[in-house]
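What follows draws every value from the coordinates through simple rules; no lab data is involved. In this text, all values refer to a predicted model and were calculated from it rather than measured experimentally. Quick reminder, even Gly has a Cβ in these numbers, built from the backbone with ideal geometry, and neighbours come from all protein chains shown.
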Amino acid sequence: MSSEIITSSGPATSPARVAGWQRRSQWGLAMRALRRDKVAVAALVVLVAVTLVAVLAPWISPYDPLVGDPRARLLPPGTPGHLLGLDGQGRDILSRLMWGGRYSLTVAVVPVVCAALLALVIGMASGYRGGRRGEAVMRVLDVVFAFPIVLFAIALAAVLGAGLVNTMVAVGITLVPYMSRVVYTSTVQESAKEYVEAARAAGATDLEILRKQLLPNVLSPLVVYGTTLAGLVIVLAAGLSFLGVGITPPAPDWGVMTADGRQVLLEGYAHVATVPGLVILVVALAFNLLGDGIRDALDPHKQTS
């Protein structure tokens, strides 16, 4: 069979080139659809703003997040020089929130990216060609689904120990089976389509098909799922720190700040725990809304030229 497709509009074009043009056109439509989604754009603005504040924290935070004034402990929001008040050790809450973003966003993004890369290898290798080996790999990963994701993460964090790196490892391992399942399902579905058969008939190797044909199409659902998972991870990592098996004090992590505020919550100083809790809620919601927007933008039925 010829390795080229003769089109009526011009010279011979390879299946890979046609598929590439189609993918670029689809991504262009998706970007335009995403820009029209005001909720997704607002969520993206919030995440960009939080990221910039976290990156610039060493230069823009008004106080050292680890140094407090015991004489000014638990002052309420609106105190002159302390917009969001001070915590139980007299540390400025706004400064700790700025620095805490560096921890919380790192824990949210790095494990998701690392888990996604590992899931691409596992899911695509298992889904392409299928067979008993692929099914066996997925059955092993399915065992993890028997455990609630939160309990599994807590167990791993307890075994590995507290700390930033161990928290990211525990969360990343927890996410791999879920993301691998998404990649596996997408790979099986895409492998049965005509463009893959055309590429195979044109003489493309399995590696070329995986890299050039399947990978771009498998990435779309993975990006959507990973963005949504980042919101879950923000809450999960904060929960681990709250329980004492994640990032530990005196690090200005949002979960640590919430745990510190719990100790004075019933004494009438609700702002110490409420402020970081609201930040966690807003950032997690922004990730989820952005993920929903990306999903809708990639839906061909909702794309308009």
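Contact order, relative form, for the chain: 26 percent (alpha carbon pairs under 8 Å, 6 or more residues apart, mean separation divided by residue count). In the range 179-305, Rg over Rh equals 1.22, where Rg is the alpha-carbon radius of gyration and Rh the Kirkwood radius from pairwise Cα distances. Over the range 69-199, all Cα pairs binned in 5 Å intervals from 0 give whole-percent P(r) values of 2, 10, 13, 13, 12, 10, 10, 8, 6, 5, 4, 3, 2, 1, 0, listed from short to long.
One chain, two ends: residue 129 and residue 36. Fully extended at 0.36 nm per residue, the span grows by 29.6 nm beyond their Cα-Cα distance. For the chain, a Gaussian network of Cα nodes joined below 10 Å ranks 93, 60, 154 by mean-square fluctuation, and the top entry is 60.
Using the rule -39500 (n - 2.57) for each DSSP H run of four or more residues, divided by the residues of the chain, the 222 nm mean residue ellipticity is -23000 deg cm²/dmol.
Of the residues 268, 244, 185, the one whose Cα sits farthest toward the positive end of the charge dipole of the range 162-294, with +1 on the Cβ of Lys and Arg and -1 on the Cβ of Asp and Glu, is 185.
Residues considered: 163, 203, 85. Largest GNM mean-square fluctuation over the chain, using C-alpha springs under 10 Å, is found at 203. Taking only alpha carbon atoms, the range 255-295 gives an Rg to Rh ratio of 1.21, where Rh is the Kirkwood radius. At the listed q of 0.10, 0.12, 0.15, 0.16 Å⁻¹, the Debye profile of the chain, built from one uniform point per Cα, gives log10 I(q)/I(0) equal to -0.67, -0.87, -1.15, -1.24.
Assigning unit charges at the beta carbon (Lys, Arg +1; Asp, Glu -1) and nothing else, what dipole magnitude in debye, to the nearest 20, does the chain show about its Cα centre?
Values: 24 positive and 19 negative charges, 116 e Å.
Computed about the Cα centre, the dipole is about 560 debye.
May I ask you to compute the full-extension gain from residue 79 to residue 145, defined as 0.36 nm times their residue separation minus their alpha-carbon distance, rounded to one decimal in nm? Gain on extension, residue 79 to residue 145, equals 19.0 nm. Residue separation of residue 52 and residue 72 scaled by 0.36 nm, minus their Cα-Cα distance, works out to 4.3 nm of gained length. For the chain, hydrophobic long helices are taken as DSSP H runs at least 15 Å long by C-alpha position along their axis with mean Kyte-Doolittle hydropathy of 0.0 or more; these are 38-55, 93-127, 149-160, 164-191, 215-243, 271-298. Comparing mean-square fluctuations of 264, 39, 140 from a GNM of the chain with C-alpha springs under 10 Å, the top value falls on 140.
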